[in-house]
Amino acid sequence: MIGDAAYSLSSTAKSNPALDRAQEVPHEAARARPIPRVNIQAFCEDQDTAAVIQKASEDRRLAKAHVTVQMGGVQAAVAFYRNTSTPNLIIIESLLDREELLGDLDRLAEVCDPVTKVIAIGHVNDVLLYRELVRRGVSEYVVAPVRVLQVIESISAIYTDPQSGPIGQVIAFVGAKGGSGSSTVCHNTAFAIASSVKSDVVIADFDLPFGTAGLDFNQDPLQGIGDALASPGRLDEVLLDRLLSRCSDHLSLFAAPGTLDRPYDLESSSCETVLDVVRENVPWVAVDVPHLWTAWAKQVVLRADYVVITAAPDLANLRNAKNLVDQLKGSGPNDRAPLLVLNQVGVPKRPEISVKDFGHAIELEPKVIIDFDAQLFGTAANNGQMIEEVLDKSKAADAFRSLANLLTDRSEQKSERLSVLAPILARLRLTKTRA
């Protein structure tokens with residue numbers, strides 16, 4: 001037997017109806033989780049398959065894994081492992097039919113360690129073959145041709161505990177330029193996720209010397225994210241609960257120290273460790289990234305599940321936003337495109353780049369446009385409140401709720417009480433009921 005019990009069948013072919021029904025999965029299941037530090041070795045028969053696996057190994061979700069790709073298929077794998085121990089996961093490809101493939105896998109099982117997992121890539125869309133592979137302990141069977149995301153999701157499924165809740169999604173909020181309002185967008189969007197979507201969210205303020213999350217929520221915690229980053233190895237669920245400041249039933253704050261008594265030189269590994277612990281405990285982590293481009297800040301942005309770029313409609317913001325978009329698209333070709341928020345639109349007497357021209361120049365359409373409103377945003381900032389708390393029916397509050405819905409994949413629910421037709425609709429329903 002190879003490895004443990006099997007998981008599911010993946011395929012892109014369309015020849016066997018029974019097989020197609022067996023591999024149906026919910027759309028939400030397509031989200032792959034980060035893969036732990038494991039050793040993965042692939043033995044391919046087809047150059048295209050090898051290229052796909054090599055490209056998948058460059059994805060952020062496999063950043064911790066060590067992946068090597070070789071040619072030769074199952075026979076090369078059997079010869080290789082006669083003289084060396086097997087890795088955590090072997091990916092093998094075969095061009096053979098059912099009986100020959102099963103025979104090769106039996107020979108591979110003779111040289112495999114019991115704990116080694118195996119993903120088989122075949123060119124036969126056969127449910128009987130799949131059942132035999134399951135019986136032999138193959139973790140997953142994928143029918144060629146394979147796609148990059150398919151490979152990532154197959155590997156992720158093997159190292160996902162089905163009994164545990166979904167690992168949290170990290171949203172990195174980054175400003176195209178200092179003063180663009182990225183922190184305000186981050187805090188208000190997180191508040192909207194907590195209040196409107198009713199999902200738990202933690203705001204992680206990584207601007208340690210100048211962070212404003214504590215001020216914006218009228219909180220002054222004695223401990224926060226600075227303590228966690230100072231000793232990331234000590235952070236666990238219990239300590240995390242002590243360091244978080246509760247803002248509401250669904251919203252907690254990992255506040256920045258906001259002091260200048262020492263320099264804050266962060267390590268990339270420390271940031272990664274802290275975020276990993278937080279995301280294991282809540283479904284959403286909103287990271288307020290300061291406007292800088294150090295090694296740790298770059299890693300936080302590039303490895304986030306979602307990136308929200310906040311920009312004002314001027315030339316410097318346009319240039320920086322373009323650079324960010326290009327960097328993200330080049331580093332994460334398998335990820336969603338970043339979400340662009342155009343903020344502070346319509347400042348009196350200020351020449352501005354139009355929304356259409358801004359989006360065209362950076363090849364990214366703004367998903368949310370927030371008009372300039374000095375009175376509303378100034379009042380919220382000075383009172384330590386969110387925009388929704390100050391004026392629930394404002395356009396800005398609607399914009400933050402829309403962004404929250406986009407990030408959480410929820411269609412916006414229009415409240416009937418906001419509609420002028422609500423009383424009429426209510427009377428019509430009452431008349432219909434009586435009839």
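The values are calculated or read from the model by the stated rules, or taken from the named source; none is laboratory data. Fair warning: this is a prediction, and the values are worked out from it, not measured in the lab. Glycine also receives a Cβ, built like all others from the backbone with ideal geometry; neighbour counts cover every protein chain displayed.
Values as computed for the structure displayed
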quantity	calculated
Only one of 347, 341 that is of a type in the set (A, V, I, L, M) and farther than 30 Å from residue 58 by Cα	347
Answer residue from segment 298-340, given it is outside any loop (DSSP other than H, G, I, E, B) and among the polar types (S, T, N, Q) and is surrounded by the most Cβ atoms within 10 Å (Cβ to Cβ) among those	310
Segment 341-367: number of residues that are touching a residue at least 60 places away in the same chain (Cβ under 8 Å) and out of contact with any Phe, Trp or Tyr (no Cβ under 7 Å at 6 or more places or on another chain)	2
Subset of segment 220-229 [surrounded by fewer than 13 Cβ atoms within 10 Å (Cβ to Cβ) and of a type in the set (A, V, I, L, M)]	222
Odd one out for residue 295 among (1) buried (at least 20 other Cβ atoms within 10 Å of the Cβ); (2) without any contact (Cβ under 8 Å) to a residue 60 or more places away in the chain	(1)
Of the criteria (1) surrounded by 23 or more Cβ atoms within 10 Å (Cβ to Cβ); (2) modelled with pLDDT of 95 or more, which one residue 181 fails	(1)
Some residue of segment 69-81 being at pLDDT below 90, surrounded by fewer than 20 Cβ atoms within 10 Å (Cβ to Cβ) and in contact with a helix residue (DSSP H, G or I) (Cβ under 8 Å, 6 or more places away or on another chain)	no
Residues located in segment 88-111, provided they are part of a loop (DSSP other than H, G, I, E, B) and surrounded by fewer than 22 Cβ atoms within 10 Å (Cβ to Cβ)	88, 95, 96, 97
Tally, over segment 198-219, of residues that are of a type in the set (A, V, I, L, M, F, W, C) and surrounded by fewer than 18 Cβ atoms within 10 Å (Cβ to Cβ)	2
Test: residue in segment 33-50 that is basic (Lys, Arg), over 23 Å from residue 133 (Cα atoms) and either outside the structural domain of residue 151 (by TED's automatic domain parsing) or not in a helix (DSSP H, G or I) (or both)	yes
Output for segment 112-126, where each listed residue is surrounded by fewer than 22 Cβ atoms within 10 Å (Cβ to Cβ), within 19 Å of residue 44 (Cβ to Cβ), of a type outside the set (A, V, I, L, M, F, W, C) and touching a helix residue (DSSP H, G or I) at 6+ places or on another chain (Cβ under 8 Å)	125
Verdict on residue 67 being of a type outside the set (S, T, N, Q) and in a strand (DSSP E or B)	yes
Residue, surrounded by the most Cβ atoms within 10 Å (Cβ to Cβ), within segment 127-157, restricted to residues that are touching a Lys or Arg at 6+ places or on another chain (Cβ under 6 Å) and over 28 Å from residue 202 (Cβ atoms)	139
Residue satisfying condition, being under 18 Å from residue 186 (Cα atoms), of a type in the set (Gly, Ala, Ser), surrounded by fewer than 18 Cβ atoms within 10 Å (Cβ to Cβ) and assigned by TED's automatic domain parsing to the domain that holds residue 389, within set 270, 248, 252	248
Filter pass, residue 239 being more than 28 Å from residue 311 (Cβ to Cβ), surrounded by fewer than 16 Cβ atoms within 10 Å (Cβ to Cβ) and of a type outside the set (S, T, N, Q)	yes
Selection within segment 181-190 - touching a strand residue (DSSP E or B) at 6+ places or on another chain (Cβ under 6 Å) and either farther than 20 Å from residue 394 by Cβ or not small (Gly, Ala, Ser) (or both)	185, 186
Among residues of segment 260-284, those that are polar (S, T, N, Q) and touching a Pro at 6+ places or on another chain (Cβ under 7 Å), counted	2
Qualifying position, being more than 30 Å from residue 282 (Cβ to Cβ) and at pLDDT 85 or above, among 133, 149	133
